[in-house]
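Encoded as structure tokens, the structure appears first; notes follow it.
Since every read-out is calculated from the coordinates, none of them should be taken as a lab result. These figures come from a predicted structure and were not determined experimentally. Positions of Cβ are backbone-derived with ideal geometry, glycine not excepted, and every protein chain shown enters the neighbour counts.
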Amino acid sequence: MKFVSVLIALTLPALASLNTSAAEPQASPAVGTGGCASWLDHSMGKLHRQDSWDLCQLTANRPVLLVNTASFCGYTPQFEGLEALYQRYKDQGLVIIGFPSDDFFQESDESAETAEVCYVNYGVTFPMTSEINVRGRDAHPIFEHLKQADSPSWNFNKYLIGKDGAIIEHFGSNTEPLDDELLAAIETAL
């Protein structure tokens, strides 16, 4: 009997708080406990490496440009412009993250070959993840979230994310990394 009284005493305050929160719906925070957008709270393998990127740590309170990439695409030379963009704005806080994907059948099956294209051919120094899916049923949760702006219809879609984790703007494959409109959006986000 004593146990039941203790259990009731412990349970009643918890039930009361459940009632209060049920009566007042809470908006889910855009920013998680690590200071990053909750939808960016993922660990992602690094391109052709055994270790991982902590995307929450990498993106917390910073503007971010997310790009789905491919090594053997007509847009692959955009790596050069993305690297120039990164060098231009990284000290002001911009993070660029490349996500290699073979969803459009223009990525190598070998991560070593993808890494060579990115790091050797184009001198990429911004974070590149291991290969992921960016569309369809198997799309990574990050790209599932980005569908709010638009799903990638090809390689080298660029998604500008604000410091608060909100999607600012989607730029398609045809938008060059050093395009005036993209530069203006980045400068506003900084």
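Things to note:
- Put in line by how crowded their Cβ is, counting other Cβ atoms within 10 Å and starting with the fewest, L65, L178 read L178, L65.
- Length-normalised contact order of the range 28-189 in % [C-alpha pairs under 8 Å, at least 6 apart]: 28 percent
- Judged by the gyration tensor of its Cα atoms, with axes a ≥ b ≥ c, the range 63-104 is oblate; a/c meets the 1.5 cut and b/c is at least as large as a/b.
- Computed FRET value (nearest 0.05) for S52 with T175, which takes r as the C-beta separation and R₀ as 22 Å: 0.15
- Square roots of 5 times each gyration tensor eigenvalue, C-alpha, the range 28-189, largest first, Å: 22, 18, 16
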